[in-house]
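Novice: Structure provided below as C-alpha cells; questions to follow.
The values are calculated or read from the model by the stated rules, or taken from the named source; none is laboratory data. What you see is a predicted model, and the numbers here were worked out from it, not measured in a lab. Please note: Cβ atoms are built from the backbone with ideal geometry, for glycine as well, and neighbour counts cover all protein chains shown.
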C-alpha cells in the first residue's frame with residue numbers, strides 16, 4: 001500500500017510497485033480500492049474513485065473522523 005500525491009491531494013494505491021505516474025496507479029488492485037472506499041463510506045467518509053481532496057473547510061473533527069475511519073477500515077482489508 002502506498003499513499004502518493006501532493007500535500008492536500010493524495011490517493012492510496014494497493015500495489016507492490018512504485019507509483020510514479022498515472023499508468024502506475026492504474027496497475028493497483030482496484031478490488032481492494034473498492035473495498036477501502038466502501039468501508040470509508042460506511043463510516044461516513046466519502047472518498048471518490050480517484051484522489052482524496054481535503055479542504056480548508058474541513059474541521060479538526062472532520063479530519064479526525066477521516067483518520068479514525070482509515071484506522072478502522074485498513075485492518076479489515078487484510079486476508
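Novice: Being part of a helix (DSSP H, G or I), within 13 Å of the chain's Cα centre (by Cα) and without any contact (Cβ under 8 Å) to a residue 24 or more places away in the chain narrows it down to one residue among 46, 41, 36; which is it?
Specialist: 41
Novice: Out of (1) modelled with pLDDT under 95; (2) surrounded by 13 or more Cβ atoms within 10 Å (Cβ to Cβ); (3) under 10 Å from the mean Cα position of the chain (by Cα), the odd one out for residue 25 is which?
Specialist: (3) is the only condition that residue 25 fails.
Novice: Let me ask something else. Could you check residue 69 against (1) part of a loop (DSSP other than H, G, I, E, B); (2) surrounded by 15 or more Cβ atoms within 10 Å (Cβ to Cβ); (3) out of contact with any strand residue (DSSP E or B) (no Cβ under 6 Å at 6 or more places or on another chain) and say which number it fails?
Specialist: Unmet for residue 69, out of (1) part of a loop (DSSP other than H, G, I, E, B); (2) surrounded by 15 or more Cβ atoms within 10 Å (Cβ to Cβ); (3) out of contact with any strand residue (DSSP E or B) (no Cβ under 6 Å at 6 or more places or on another chain): (1).
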